[in-house]
1. For region 20-44, which residues satisfy the criterion of being under 17 Å from VAL108 (Cα atoms), without any contact (Cβ under 8 Å) to a residue 60 or more places away in the chain and charged (D, E, K, R)?
2. (1) more than 18 Å from ILE125 (Cβ to Cβ); (2) over 15 Å from the mean Cα position of the chain (by Cα): which one isn't true of ILE217, the others all being true?
3. List the residue pairs whose Cβ atoms are under 6 Å apart, where the first residue sits in region 177-196 and is on the phi > 0 side of the Ramachandran plot, the second is surrounded by fewer than 19 Cβ atoms within 10 Å (Cβ to Cβ) and among the hydrophobic types (A, V, I, L, M, F, W, C), and the two are 6 or more positions apart or on different chains.
4. Take the conditions basic (Lys, Arg) and within 22 Å of the chain's Cα centre (by Cα) and apply them to ARG180. Does it pass?
5. Give region 196-245 a look and list any residue that's in contact with a strand residue (DSSP E or B) (Cβ under 7 Å, 6 or more places away or on another chain), within 27 Å of THR267 (Cβ to Cβ) and β-branched (Val, Ile, Thr), or say none.
6. Limited to region 238-255, what total is found for residues that are part of a strand (DSSP E or B) and surrounded by fewer than 16 Cβ atoms within 10 Å (Cβ to Cβ)?
7. Among the residues of region 214-223, is any surrounded by 15 or more Cβ atoms within 10 Å (Cβ to Cβ) and assigned to a strand (DSSP E or B)?
8. Give region 67-90 a look and list any residue that's of a type outside the set (Gly, Ala, Ser), touching a helix residue (DSSP H, G or I) at 6+ places or on another chain (Cβ under 9 Å) and farther than 13 Å from ILE36 by Cβ, or say none.
Amino acid sequence: MERGYYITANDKFTDYSIALLNSIRATDPDTPVMLIPYDNNYQKVAKVLGDRFGVMVFEDLEFIERLSVNLQEIFGDDFFARPNQFRKQACWFGPFEKFLYIDTDLVVFEKLADYMDGLDECDFICCDYQHKGGLTNVFSPAVLEQGVFSEDDLKGMFNGGLWGSKRSLMTEEGLYEVFRECAAHPEYFDFSQKTSDQPIINYMVLKRFPKRRNYAIWPEPGPGSWAGSKHFQWQGERLVDPNFDRPVPYLHWAGIEIRPGCPYWETWEDYRYRGEDKPERSPLDKPKPKRSLKDRLRSVKQRIQGK
């Protein structure tokens, strides 16, 4: 197949996946979507997405497992907080010649498959302002201090939630080689906030793929996409970034728990329940865990002491 979308999910993220697929199919009814199971608990989400949206499941599940285990073992079994994130690297070995990977904590507002047109001229595409946020969640200052990357190189940093490339550009052994390079220099990366795959894939892309395109700044700077941005405004049926007076291409709740009261909750909820009745109470509206008696007593003591 020439082009398609990949997503990763398990049954726990069924609601997220439905919202994403409703948003994709609102503007793009035809581009195929393939699920890379996040773990072995994926039968429910696979059936729902298959029946409603025609989503396929990655056929070679043994390969996904082998790839994930081998990548994890290069760093050590206990190094990463969420090693299953590396399952998305199966994108390089699936049926799509050109692909776009999309995290399930997004909703999209336009046909993102059009981004893949850029892969006729480039080897890698993304659309975000990760590079504007400094090195956090990607690299440590060591990459500059040791000359691994220049300041100009680091303008190519991207968020691992939406990116695309071509199947032919990475081999399994090439992927292992990149991970071995990274494992030899853990000081290059920022894993302090429990991100797992984003630093590694940034290193790989910046080192190996010089022909890159970031649609957030190409052909000129445009709207952002992070749901933590409070300035986006609804104008009719489009969410607009007033800094550019242009529609936001997608919303990504990166680092934000999607639940009632979160930024742009109504937008996410609208996509989640398109074509079905909305429940009186969202299943994502979970009560906060109760504090232990010890924690409550400590809090009272601190208030008494004026701390």
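1. Passing the criteria: ARG25, ASP30.
2. Condition not satisfied by ILE217: (1).
3. Correct list of pairs: LYS194/ALA81.
4. Values: basic (Lys, Arg): yes; within 22 Å of the chain's Cα centre (by Cα): no.
No; evaluated as a whole, the condition is false for this residue.
5. Selection gives VAL240 alone.
6. Step one: filter region 238-255 for residues part of a strand (DSSP E or B), giving 238-241, 246-247, 250-252.
Next, from what is left, pick out any that are surrounded by fewer than 16 Cβ atoms within 10 Å (Cβ to Cβ): 238, 246.
Of the residues in region 238-255, 2 are part of a strand (DSSP E or B) and surrounded by fewer than 16 Cβ atoms within 10 Å (Cβ to Cβ).
7. The answer is yes; a qualifying residue exists.
8. Of region 67-90, the ones of a type outside the set (Gly, Ala, Ser) are 67, 69-75, 77-80, 82-89.
Retained after the next criterion (residues that are touching a helix residue (DSSP H, G or I) at 6+ places or on another chain (Cβ under 9 Å)): 67, 69-72, 74-75, 77, 79-80, 82-89.
Across region 67-90, the qualifying residues are VAL69, ASN70, LEU71, GLN72, ILE74, PHE75, ASP77, PHE79, PHE80, ARG82, PRO83.
The values are calculated or read from the model by the stated rules, or taken from the named source; none is laboratory data. Note that the coordinates shown come from a computational prediction; the quantities given were computed from them, not determined experimentally. Please note: Cβ atoms are built from the backbone with ideal geometry, for glycine as well, and neighbour counts cover all protein chains shown.
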